[in-house]
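The values are calculated or read from the model by the stated rules, or taken from the named source; none is laboratory data. It should be emphasised that the depicted structure is a prediction, and the values quoted were computed from it without experimental measurement. Here the Cβ is made from the backbone with ideal geometry for all residues, glycine too, and neighbour counts use every protein chain on show. Ligands, DNA and RNA are excluded from the accessible area calculation, which covers all protein heavy atoms including side chains. Shrake-Rupley method; radii C 1.70, N 1.55, O 1.52, S 1.80 Å.
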Amino acid sequence: MPGGRTLRAIEAYTRRLLRHVQPVIVANRAPLTLQRADPFRGTEERLVRGAGGLVTAMGSLAVATDAVWVAAARTDEDRILAGRAGKDGTVRLTTEDDTSYRVAFVDADPGAYDLYYSVFSNPLLWFIQHYLWDLSREPIVDATTERAWRDGYQHVNRLFAERVVEEGRRAEVPLLVLVQDYQLYCVPQMVRAALPRVRLQQFVHIPWPTPQYWKILPRRIRDGITLGILGNDIIGFQTSRDVRNFLLTCEENLGLAVDHRERTVFHEGRAIWVRSYPISIDVGEFEALLEHPAVLAEEERIAAWRPDHLILRVDRTDLSKNVVRGFIAYERMLEAHPELHERVQFWALLQESRQDIDDYRAYLGSIVGVCARINRRFGRRGWMPIRLEIENNFHKAVAAYKSFDVLLVNPIYDGMNLVAKEGILCNRRNGVLVLSENAGSHEELGELAVTVNPFDVDETAEALYLSLRMDESERIARGERIRETVRANDITRWITSQLQDLRELIA
Ligand code: G6P
């Protein structure tokens, strides 16, 4: 949960700004999920933080400003929470450590939600925005796509917009609506049409591809997406590359006037600012966690089994994360360096993701299959080359961060990738970061990491080996500079630089 220092900084920052507007956060996921009581295990009902970097990042702002967080009721557990809402349609959710959020759930019917999430947002948009399609074969765009757009994506976006408008009608000052991510591109245009005095900002947590790649989608749909997001006053991206691609998309695909130097798009008599705000982590929270009893206990367990050299990856089982090529690169390293056998282990600590989508289930299958093959090929009694754990255990992840010698972050494309920042901040072994040039974090950390092309498994194998062999003084120097960068640009900075721009806009 957000650390006290971060909260205080954001509270101080928002006090002046928020006299004039009322903030509302809009995101597909709620900040917390309900874990039901389990009488067989003797566990009580608990509220735990939702998955993904978005929730972590926006959590502090939500707590500091007590903003209403509008989210989809995605699961039966969410619907239980939604059922506890008061007269104003919001429910106050408080965690064990007394962090409190106000959530308004949007309850779409499951069929529409499935079209929105499992047919349109994740397979289609996520794949476009991470360049995941093998275009000679896929996607096949047909009436199903059109239906998923109309009856799924647009429909659910409208439900979100209606819920925001309801807040706006009740509020005494105009709303400041902070829309999050690719699931909700149409919300800003819809809200603006109903609430002319509203201020809207959207942050896109994932990459924005080139205008040409958007042309996978039929014109009506791709233009609908860009016009939807242009309902905002400010659009935030992770990197300058995303900003450039967005400006080009407006220019080339929609023929709009764009000022590249001022990073502004002109549309319907408004000037829309397009900016990059590299997302980050709550440094104070992570530093406090390092000595948490649960982390220390996990660390002891790791110390009991770890080999001399530990390579780590921590990821959701997302296709964009490139887990399989990471294993193949490690296999090549084992082929080339038999002297490392029995002395090294690759620990993949993975969190299951989006198993309602066929491609994701198949990908998890490949991860397990390739891992088993490599373990069969090289493994010996007492040595398993890859340790694969599929589990969502935050304390274990922090203990793993403290313990690695090399952290592999090799996504195909990634908006930012917070693991790169969290991992090096927490590490206590002068560990080295091997980082894909296509991760957003490469813009900030690339010079201090060992850079890899994520498709090139030989280069990645060599990078893993060189990192294991790197001179101690160089490992220390690189690690220190990464930590300095992360400390200087932490989550407070990410939020306050957005608020600074909003303050200019509102003033
Ligand atoms: C990324 C996305 C978020 C998303 C998260 C988890 O961080 O940017 O929008 O919430 O992944 O994915 P899920 O589909 O499980 O919400």
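In order along segment 209-226, the phi-based Karplus estimate (6.51 cos²θ - 1.76 cosθ + 1.60, θ = phi - 60°) of 3J(HN,Hα) comes to x, 5, x, 5, 5, 4, 6, 4, 8, x, 3, 4, 6, 5, 6, x, 5, 5 Hz; Gly and Pro are listed as x.
Taking every protein chain into account, the accessible area of segment 137-277 amounts to 40 square angstrom per residue (probe 1.4 Å). Placing dummy labels 7 Å off each Cα toward the beta-carbon, the span from TYR131 to ARG158 is 3.6 nm.
As a test, work out the antiparallel percent of DSSP beta bridges whose residues both lie in the chain, rounded to the nearest 5. Can you show the working numbers first?
On the way: 17 of 65 bridges.
Of those bridges, close to 25 percent are antiparallel.
Classify segment 283-488 as rounded, prolate or oblate from the Cα gyration tensor: take a ≥ b ≥ c as the square roots of its eigenvalues, call it rounded if a/c is under 1.5, otherwise prolate when a/b beats b/c and oblate if not.
On the way: a/c = 1.22, a/b = 1.18, b/c = 1.03.
Note, shape of segment 283-488 comes out rounded.
If you take the Cα centroid of segment 472-487 and the Cα centroid of segment 1-68, the two points sit 30 Å apart.
On a 1.4 Å probe surface of the protein chains, which of MET190, MET384 comes out largest in accessible area, and what is the full order? Could the numbers behind the result be given before it?
Values: MET190 45, MET384 90 Å².
Solvent-accessible surface, decreasing: MET384, MET190.
Cross-link partners of LYS215 among aspartates and glutamates, defined as those whose alpha carbon lies under 16 angstrom from its own and excluding same-chain residues fewer than eight positions apart: ASP134, GLU138, ASP142, GLU146, ASP223, GLU251, GLU252. Of the chymotrypsin sites (Phe, Trp or Tyr not before Pro) found in segment 1-69, the ones in coil according to DSSP and having at most 12 other Cβ atoms within 10 Å of their Cβ are PHE40. 3J(HN,Hα) couplings calculated from phi for segment 501-506 with the Karplus curve 6.51 cos²θ - 1.76 cosθ + 1.60 (θ = phi - 60°) are, in sequence order, 5, 5, 4, 4, 5, 7 Hz; Gly and Pro show x.
How would you classify segment 127-191 from its alpha-carbon gyration tensor, with a ≥ b ≥ c the square roots of the eigenvalues: rounded for a/c under 1.5, else prolate if a/b is greater than b/c, otherwise oblate?
On the way: a/c = 5.70, a/b = 2.31, b/c = 2.46.
In terms of gyration-tensor shape, oblate.
Do any GluC sites (Glu not before Pro) in segment 5-58 lie in a loop, going by DSSP, with at most 12 other beta-carbon atoms within 10 Å of their beta carbon, and if so which? Intermediate values should be presented prior to the final figure.
Working: sites: GLU11, GLU44, GLU45; in loops: GLU44, GLU45.
The qualifying sites are GLU44, GLU45.
Averaged per residue, segment 283-488 has 39 square angstrom of accessible surface, using a 1.4 angstrom probe with ligands and nucleic acids left out. Label-to-label distance, ARG377 versus ASP98, with points set 7 angstrom from Cα along the beta-carbon direction: 5.5 nm.
Annotation note: trypsin sites (Lys or Arg not before Pro) in segment 349-413 located in DSSP loop regions with a Cβ neighbour count of at most 12 within 10 Å are ARG381.
A straight line joining the Cα centroids of segment 326-396 and segment 89-124 runs 32 Å.
Near VAL450, the amide H atoms lying under 5 Å from its own belong to LEU433, VAL434, LEU435; only residues 5 or more places off or on other chains count, and H is placed 1.01 Å from N. Per-atom-type breakdown for the chain gives carbon and sulfur 47% of the accessible area (1.4 Å probe, protein chains only). Among all the lysines, which ones have a C-alpha under 30 Å from LYS396's C-alpha, if same-chain residues fewer than 8 places away are not counted? Within the straight-line limit of under 30 Å, LYS396 reaches these lysines: LYS321, LYS421. With a simple spin-label model that places each label point 7 Å from the Cα along the Cα-to-Cβ direction, the separation between GLU77 and GLU437 comes to 4.1 nm.
The length gained by stretching the chain between ARG487 and ASP223 to full extension, at 0.36 nm per residue less their Cα-Cα distance, is 91.1 nm.
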